[in-house]
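> What follows is a single structure, and I will ask about it in a moment.
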Amino acid sequence: MSSDRNAARDVIVIGGGPAGAATATLLARQGRDVLLLEREAFPRFHIGESLMPATYWSLERLGMLDTMGRSVFPRKHSVQFVLPNGKPTAPFYFADVDPHESSVTWQVDRGEFDRMLLENAARAGVEVRHEVAVREVLFDGERAVGVRAADGGGGERETPAKVIVDASGQSALLSRALGLRTFDPMLKNAAVFTRYRGVRRDTGRDAGAILVLHTRHKDSWFWFIPLPDDLTSIGVVGPLDYLISRRAADPVQVFQEELALCPALGERLRDAERVEWMRVLKDFTYVSRRVAGDGWILAGDAFGFLDPVYSSGVLLALKSAEFAADAIIAAFATGDFSAASLGRFGPRYVAGMEALRRVVHAFYARDFSFSRFLRRYPGLRDEVIHALTGNVFRRPVSGLLQALEHELPNPGYRPFALPGEGA
């Protein structure tokens, strides 16, 4: 590794979240000189605590399974839905379809989980710098050639690199700068969320289950995610116009008004104490029109994000990191750092995102429920659970998607797509 802090690098990764840490780790293990720049000090708060089971395979490749196994993170065996009338459905136990150990995953404290991934990157040889804010990606014509970044002291430096990976999360540094982001107009949602201590949880195999609870008129829904130290992450999600725009500005009031419409959750919170302030996020579902350009790649939330109902955020971050790292490794082998070379994985990745997005749209359909769907299509139970576990990159779910399109025709739906030129 170069001792000159401004010497040219093989790869600069912007952002130390799961996408950035994973991309950097895989590249460093292949002998690449990787500099990772993170604007915050870790650990730091981040929403998105529930892992889909399919993250197992990325964590295995990163060498993180033993670390996860020793952690205090609750084990997640299933997802359970609570209907608007307060009646719970039978849990979807992931192991019922695939008894492999990958069917049991974790509910994580993202501050700790992200720190673990970043430390893993450092052990692999990545140079990690905290509290360094990347101001811009530098270009020579159409090709990215480096970054300009400010350190904690206020000084700015330019550092060249052969490849820039934007893993800056929803800040989406490059996507915003290049005007690439497009939003799903049918999923313009917001979330109001916090954490509680002392919530009544289920026991045994269901102790770490994620709950998805509809409110009375199905205008919104709550997530319920058990965390270590008797903490539970709870948030309400609904259309932006309904949840935020037409209400008082106080998010606590919004949360309480929606909680009154979800008595099943209110019962669990009866003796609980809120231990954090209310936070608000808006506009969940978006994608960029390109995944790569000459000398640059987008990874994780910097490329796209889906509504959080099925907890796909970390899975997509890690999977995009694998694709990005493999593309960069191949680029160094051939000397081809063009958009077509670096972005060759884009259509496959977007196809997986699109499969999950279809299932998200089904969730928000007023008259849809997976229980009724499976009574009509019992042969698709395995594909439903593959979608709920995130196995869309490993297992076909085409039958499920075709059935959803038949059951929920939507002329206004526009699939995510990328240009056919590889990016």
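Bear in mind that the values in this text are calculations on the coordinates, not laboratory data. Here the structure is a predicted model, which is why all the values come from computation and not from measurement. Cβ atoms come from the backbone with ideal geometry, glycine included; neighbour counts cover every protein chain shown.
> Please give the helix 346-364 orientation as an angle from the longest Cα principal axis of the chain, in degrees from 0 to 90, rounded to the nearest 10.
20
> Between ASN85 and GLU407, how many nm apart are label points set 7 Å from Cα along the C-beta direction?
Each label point is offset 7 Å from its Cα along the Cβ direction, giving 1.8 nm.
> How large is ³J(HN,Hα), in whole Hz, for each residue of the stretch 166-173 in order, when computed from phi with the Karplus curve 6.51 cos²θ - 1.76 cosθ + 1.60 and θ = phi - 60°, using x for Gly and Pro?
Whole-Hz 3J(HN,Hα) from phi for the stretch 166-173: 8, 10, 7, x, 6, 5, 6, 3.
> Could I ask something else about it? Per 0.36 nm of contour for each residue apart, how much would the distance between ARG148 and GLU131 grow if the chain were fully extended, relative to their Cα-Cα spacing?
Values: separation 17, 0.36 × 17 = 6.12 nm, distance 1.39 nm.
Answer, rounded to one decimal: 4.7 nm.
> Give me the percent relative contact order of the stretch 168-266, please, defined on Cα pairs under 8 angstrom at least 6 residues apart. Could the numbers behind the result be given before it?
On the way: 130 pairs, mean separation 27.0, N = 99.
Averaging sequence separation for qualifying contacts and normalising by length gives 27 percent for the stretch 168-266.
> Using alpha carbons only, what's the Rg to Rh ratio of the stretch 4-52 with Rh from Kirkwood? Each step should come with its number before you reach the end.
Numbers: Rg = 12.7 Å, Rh = 12.2 Å.
Here Rg/Rh amounts to 1.04.
> Find the all-direction average of the projected area of the Cα convex hull for the stretch 353-423, expressing the result in square nanometres with one decimal place. Could you put the intermediate results ahead of the total?
Values: hull surface 21.8 nm².
The directionally averaged projection comes out at 5.4 nm².
> Using the reciprocal of the averaged 1/r over all distinct C-alpha pairs, how large is the Kirkwood radius of the stretch 148-277 in Å?
Working: mean 1/r = 0.0561 Å⁻¹.
Roughly 17.8 Å, rounded to one decimal.
> Let me ask something else about it. Test of understanding: ordering SER320, SER245 by Cβ neighbours within 10 Å, fewest first, what list do you get?
Listed from fewest to most nearby Cβ atoms, that is SER245, SER320.
> Using only Cα positions of the chain, each an equal point scatterer, no hydration layer, compute I(q)/I(0) via Debye at q = 0.09, 0.12 Å⁻¹ and quote the log10 values to two decimals.
-0.55, -0.99
> How long is the gain from GLU101 to ASP283 if the chain were fully straight, where each residue apart is worth 0.36 nm and the alpha carbon distance is subtracted? Kindly include the intermediate steps, with their values, before the conclusion.
Working: separation 182, 0.36 × 182 = 65.52 nm, distance 3.45 nm.
Taking GLU101 through ASP283 to full extension adds about 62.1 nm, to one decimal.
> Taking the Cβ of each residue in ARG110, ARG75 as the centre, tally the other Cβ atoms inside 10 Å and list the residues starting with the fewest.
Values: ARG110 21, ARG75 14.
Lowest count first: ARG75, ARG110.
> Ignoring everything except DSSP H segments at least 4 long, calculate the 222 nm mean residue ellipticity for the chain; use -39,500 (n - 2.57) per segment, divide by total residues, nearest 500.
Working: 13 runs with 130 residues, N = 423.
Dividing the helical sum by the residues of the chain leaves -9000 deg cm²/dmol.
> A further question follows. Between THR194, THR89, THR334, which gets the highest mean-square fluctuation from a Gaussian network model of the chain, Cα cutoff 10 Å?
Evaluated over the chain, the most mobile residue of the options is THR334.
> Follow-up question, since we're still on this one. Could you give each residue of the stretch 267-276 its phi-based ³J(HN,Hα) in whole Hz, using Karplus coefficients 6.51, -1.76, 1.60 with θ = phi - 60°, and x for Gly or Pro?
In residue order, the calculated couplings are 5, 5, 9, 3, 10, 8, 10, 6, 10, 9 Hz.
> Separate question: When a footprinting reagent is the concern and you count Cβ atoms within 10 Å, what order do LYS162, LYS76, LYS282, LYS319 take, fewest first?
In increasing order of surrounding Cβ atoms, one gets LYS282, LYS162, LYS76, LYS319.
> What is the extension gain from ALA333 to ARG376, computed as 0.36 nm multiplied by their sequence separation minus the C-alpha to C-alpha distance, in nm to one decimal? The partial results should precede the final answer.
Values: separation 43, 0.36 × 43 = 15.48 nm, distance 5.05 nm.
Going from the current span to full extension adds 10.4 nm.
> Let me ask something additional. Between the alpha-carbon centers of the stretch 374-423 and the stretch 57-86, tell me the distance in whole angstrom.
Measuring centre to centre over Cα atoms gives 23 Å.
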